[in-house]
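J.: Here it is: the structure, laid out below.
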Amino acid sequence: MMKEGHHVPKPNYKQSARDHLANAKKHLETEGEPHARYACLELRMCIEALTYLNLEAYLHEVPNTVMKKWTPKQVIDELLAVDPHADQSAHISVGIEDTPGVPSKNMRYLGQDKRLSIKWANGAHNALSNFLHEPTISSYELGQVKQEHEMRTKANEFIEKLDTVASSPLWGSNFGMFTTFSCKCGFSIKRKTDFLTPGAIVACGDRNCGRQYVYTSDPDGSVRFVPDRSTYTCENCKQPQSVDSHELKKLPVLTCSCGAKAQVTTAYELTKISQPSG
């Protein structure tokens, strides 16, 4: 339990990534398998830090479940669900528009926000993870136990890419046309309108909430976020009842206004999708 008044420090993932990278380089300068293995561990943590650094720019756009995910693929998958360009590097320039909507004729280049693509981050993270486990019996029998030179080869293969991203002077850029609304809990939810489709489920990003909304677009161009609710008919009073969909995972038993209780269960149904020929 957190003590009253206890201050939780804000993570500095940019510095963490640089520190992990520096530690990896030091280990690779020293001979011995333990140093090679620790270099792989530091690089693995560098990839994770850079992934979380990217996530920080999208905290008002992703569901709260992403907070509990830690592998690069899991995190980046969530980011790509709200922004298909979230794992792409971008050159950033700024300028004042003389005419709204028309690019400025006097743009100032700021630099590049370099990011790890989901394919590269996942591949590198998995490759490094292979060196951080005790070899299985099968690995010994098949002669697949990783050797020190393999660890060093992989580590040196990934260092240049990670060094480029970690040393990038720009990070956390997140531009777009946003629509914003307040969740019932008070959290401000943001979504890029370019990537929203009618019927899309939008989840609150507050770690203590998780409410879900359905995105709808009216003919006049206005947008609405309607609470996603599940309905059922009470077996006792025969009246329709509803409950927030996100609560179904936490409430195995629902209580009707008449006092009757209903058990929430998961059911599976087989559906024929094709008829065999002949």
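J.: Can you name every residue in region 207-253 that is touching a residue at least 24 places away in the same chain (Cβ under 8 Å), over 23 Å from residue 188 (Cβ atoms) and surrounded by 11 or more Cβ atoms within 10 Å (Cβ to Cβ)?
T.: If the condition is that a residue be touching a residue at least 24 places away in the same chain (Cβ under 8 Å), over 23 Å from residue 188 (Cβ atoms) and surrounded by 11 or more Cβ atoms within 10 Å (Cβ to Cβ), then 232, 234, 236 are the ones that fit.
J.: Answer with yes or no whether residue 115 is among the charged types (D, E, K, R), within 30 Å of residue 150 (Cα to Cα), touching a Leu at 6+ places or on another chain (Cβ under 9 Å) and in a loop (DSSP other than H, G, I, E, B).
T.: Values: among the charged types (D, E, K, R): yes; within 30 Å of residue 150 (Cα to Cα): yes; touching a Leu at 6+ places or on another chain (Cβ under 9 Å): yes; in a loop (DSSP other than H, G, I, E, B): yes.
So residue 115 passes the test.
J.: Scan region 207-220 and tell me whether some residue there is modelled with pLDDT of 90 or more, in contact with a helix residue (DSSP H, G or I) (Cβ under 9 Å, 6 or more places away or on another chain) and not in a loop (DSSP other than H, G, I, E, B).
T.: Yes, region 207-220 contains a residue that is modelled with pLDDT of 90 or more, in contact with a helix residue (DSSP H, G or I) (Cβ under 9 Å, 6 or more places away or on another chain) and not in a loop (DSSP other than H, G, I, E, B).
To keep it simple, each residue is scored yes or no on (1) over 25 Å from residue 79 (Cα atoms); (2) of a type in the set (S, T, N, Q); (3) in contact with a strand residue (DSSP E or B) (Cβ under 7 Å, 6 or more places away or on another chain); (4) not assigned by TED's automatic domain parsing to the domain that holds residue 64.
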| site | (1), (2), (3), (4) |
| --- | --- |
| 172 | no, no, no, yes |
| 206 | no, no, no, yes |
| 209 | no, no, no, yes |
| 243 | yes, no, yes, yes |
| 247 | no, no, no, yes |
| 268 | yes, no, no, yes |
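J.: Here is a further query. Among the residues of region 5-55, write down those that are of a type in the set (Asp, Glu) and either modelled with pLDDT of 95 or more or assigned to a helix (DSSP H, G or I) (or both).
T.: Here is the first cut: in region 5-55, the ones of a type in the set (Asp, Glu) are 19, 29, 31, 33, 42, 48.
Listed by number, the residues that qualify are 19, 29, 33, 42, 48.
J.: State the number of residues belonging to region 56-77 that are assigned to a helix (DSSP H, G or I) and within 15 Å of residue 189 (Cα to Cα).
T.: Total satisfying the criteria: 4.
J.: Further question on the same structure: Any residue in region 99-114 that is closer than 21 Å to residue 170 by Cα sitting within a Cβ distance under 9 Å of a residue that is hydroxyl-bearing (Ser, Thr, Tyr) and surrounded by fewer than 11 Cβ atoms within 10 Å (Cβ to Cβ)? List the pairs, counting only those 6 or more apart or interchain.
T.: Listed pairs, sorted by first residue: none to list.
J.: Let me ask something additional. Could you tell me whether residue 264 is touching a strand residue (DSSP E or B) at 6+ places or on another chain (Cβ under 8 Å) and at pLDDT 85 or above?
T.: Values: touching a strand residue (DSSP E or B) at 6+ places or on another chain (Cβ under 8 Å): yes; at pLDDT 85 or above: no.
No: the conditions fail for residue 264.
J.: In this structure, is residue 86 surrounded by 15 or more Cβ atoms within 10 Å (Cβ to Cβ), modelled with pLDDT of 85 or more, not basic (Lys, Arg) and not in a helix (DSSP H, G or I)?
T.: Values: surrounded by 15 or more Cβ atoms within 10 Å (Cβ to Cβ): yes; modelled with pLDDT of 85 or more: yes; not basic (Lys, Arg): yes; not in a helix (DSSP H, G or I): yes.
Criteria met by residue 86.
J.: Can you confirm whether region 155-178 contains a residue that is of a type in the set (Val, Ile, Thr) and more than 17 Å from residue 46 (Cα to Cα)? Step through it out loud before you land on a result.
T.: Looking only at region 155-178, we keep the residues that are of a type in the set (Val, Ile, Thr), and these are 159, 164-165.
Then keep just the ones that are more than 17 Å from residue 46 (Cα to Cα); that gives none.
For region 155-178, residues of a type in the set (Val, Ile, Thr) and more than 17 Å from residue 46 (Cα to Cα): absent.
J.: Still on this structure, please answer the following. Kindly provide the set of residues from region 254-278 that are among the aliphatic types (A, V, I, L, M) and either surrounded by fewer than 14 Cβ atoms within 10 Å (Cβ to Cβ) or in a loop (DSSP other than H, G, I, E, B) (or both), ordered by number. Before the answer, list the steps.
T.: We begin by selecting, within region 254-278, every residue among the aliphatic types (A, V, I, L, M); these are 254, 260, 262, 264, 267, 270, 273.
Within region 254-278, 260, 264, 267, 270, 273 meet the criteria.
J.: Also, I was wondering about something else. Please find, within region 139-173, the residue that is modelled with the lowest pLDDT out of those that are part of a loop (DSSP other than H, G, I, E, B) and surrounded by 18 or more Cβ atoms within 10 Å (Cβ to Cβ).
T.: Applying the filter and picking the extreme gives 146.
J.: Now a separate question. Can you name the condition, by its number, that residue 194 falls short on among (1) surrounded by fewer than 13 Cβ atoms within 10 Å (Cβ to Cβ); (2) modelled with pLDDT of 90 or more; (3) in a helix (DSSP H, G or I)?
T.: (2)
J.: Give the residue that is surrounded by the most Cβ atoms within 10 Å (Cβ to Cβ), with candidates limited to residues of region 28-56 that are under 30 Å from residue 82 (Cβ atoms) and of a type in the set (Asp, Glu). Steps first, please.
T.: Within region 28-56, the subset under 30 Å from residue 82 (Cβ atoms) is 43-56.
Still in the list and also of a type in the set (Asp, Glu): 48, 56.
Numbers: 48: 20, 56: 14.
Restricting to residues being under 30 Å from residue 82 (Cβ atoms) and of a type in the set (Asp, Glu), the top hit is 48.
J.: Could you please let me know if residue 68 is surrounded by fewer than 21 Cβ atoms within 10 Å (Cβ to Cβ), of a type outside the set (Phe, Trp, Tyr) and under 22 Å from the mean Cα position of the chain (by Cα)?
T.: Here the answer is yes, as residue 68 does meet what is asked.
The values are calculated or read from the model by the stated rules, or taken from the named source; none is laboratory data. Just so it is clear, the structure is predicted and the values come from calculations on it, not from any experiment. As a convention, Cβ positions derive from the backbone with ideal geometry for all residues, glycine included, and neighbour counts pool all protein chains shown.
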